[in-house]
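The values are calculated or read from the model by the stated rules, or taken from the named source; none is laboratory data. As the structure is a prediction and not an experimental result, all values here were calculated from the model. Using ideal geometry, Cβ is built from the backbone for each residue, glycine included, and neighbour counts are taken over all protein chains shown.
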Amino acid sequence: MTAQVVTITSGKGGVGKTTAVANLAVALASGGSKVVCIDGDIGLRNLDVILGLENRIVYDIVDVIEGRCRLKQAMIRDKKLPELYLIPAAQTRDKNAVSPSDMNRLIKDLRTDYDFVLIDSPAGIERGFRNAIAAADRVLVVTNPEVSAVRDADRVIGILEAEEKGPAALIINRLNPVLVKNHDMLSADDVLDLLAVELIGIVPEDENVIIGSNRGAPVAFDPKSRAGQAFRNIARRLKGETVPFLDLDSHGSLWERIQRLAGRK
Ligand SMILES: Nc1ncnc2c1ncn2[C@@H]1O[C@H](COP(=O)(O)OP(=O)(O)O)[C@@H](O)[C@H]1O
Ligand SMILES: [Mg+2]
């Protein structure tokens, strides 16, 4: 077995990186893959909370790197998915406690035993970001359909290319079809015109994402959630399957058709 090491990053904070890592991990492990996710956000850990594993943390990634425990001791097994593990970030330590070569060494030990290693990157383009991309085979950049997020994504995509970690693939998260239709939000096509990059998924705005995160049960577990479906589709694309993109405009165009049929347009 040789793991695919996938880093999720963005530039801008709060766009949905941690949400994406948790949901892709759940979707991949539900599909039978062996998955480890690593919280690379040293000092601001929260992947443990989103996965509902915060009460089980004994050791963290800095303990492994500084030799206070073995790698296996810091790996927390998920309650529902026995093939899903989390390596938590340290809560209190300085970001510089980990270096890119530490990450390379740690991930080398995981490659042989797992199908996927998913790394949650902190915001920004400093040390934590460099650590997160050091061992990546593939980088997914998350953006929201907002000008500031797209600009930061563009900068990160440029750095990834310069570091020979590209081409990145893009997740457009929190798309709201009603706002797009009213020209109050960039559409997926607008974002793709601005960023010359391959698209790997469009995730709609969905309040179930927030509810699931608060409960420690990511929406990828919920067969009815549209965001959950979008994350499950991205997981399948990571495995190399061709999966059509969700038609997020279906409600809008149906409404338009009804209006046309009623002669109002
Ligand atoms: N598709 C979505 N729909 C609704 N809320 C979302 C969605 N994706 C993320 N969020 C919310 O956005 C906030 C930031 O997400 P998070 O994953 O923590 O971002 P980051 O890791 O990039 O800082 C969280 O409150 C999360 O629940
Ligand atoms: Mg985060």
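Overview of values
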read-out: Residue within the range 11-21 that is touching a Phe, Trp or Tyr at 6+ places or on another chain (Cβ under 6 Å) and either under 16 Å from Phe221 (Cβ atoms) or within 16 Å of ligand 1 (Cβ to nearest atom) (or both) present; value: no
read-out: Where Leu24 falls short, out of the listed (1) surrounded by fewer than 23 Cβ atoms within 10 Å (Cβ to Cβ); (2) in contact with a helix residue (DSSP H, G or I) (Cβ under 7 Å, 6 or more places away or on another chain); value: (1)
read-out: Any pair with Cβ under 8 angstrom, 6 or more apart, that starts in the range 229-257 at a residue that is modelled with pLDDT of 55 or more and ends at one that is exposed (fewer than 14 other Cβ atoms within 10 Å of the Cβ) and of a type in the set (D, E, K, R); value: none
read-out: Helices (runs of 4 or more DSSP H) contained entirely in the range 175-235, each with at least 3 residues that are farther than 23 Å from Cys37 by Cα; value: 177-181, 188-194
read-out: Enumerated strands (runs of 3 or more DSSP E) restricted to the range 1-94, each holding at least 1 residues that are within 12 Å of ligand 2 (Cβ to nearest atom); value: 4-9, 35-39
read-out: Filtered residue count, the range 134-149, keeping only those that are part of a loop (DSSP other than H, G, I, E, B), touching a Leu at 6+ places or on another chain (Cβ under 9 Å) and not small (Gly, Ala, Ser); value: 3
read-out: Residue satisfying condition, being within 16 Å of ligand 2 (Cβ to nearest atom) and either charged (D, E, K, R) or surrounded by 17 or more Cβ atoms within 10 Å (Cβ to Cβ) (or both), within set Val180, Val141, Val197; value: Val141
read-out: Of all residues making up the range 104-133, the number that are within 16 Å of ligand 2 (Cβ to nearest atom), under 18 Å from the mean Cα position of the chain (by Cα) and either closer than 16 Å to Tyr85 by Cβ or part of a loop (DSSP other than H, G, I, E, B) (or both); value: 8
read-out: Filter pass, Ala74 being of a type in the set (Gly, Ala, Ser), at pLDDT 95 or above and within 16 Å of ligand 1 (Cβ to nearest atom); value: no
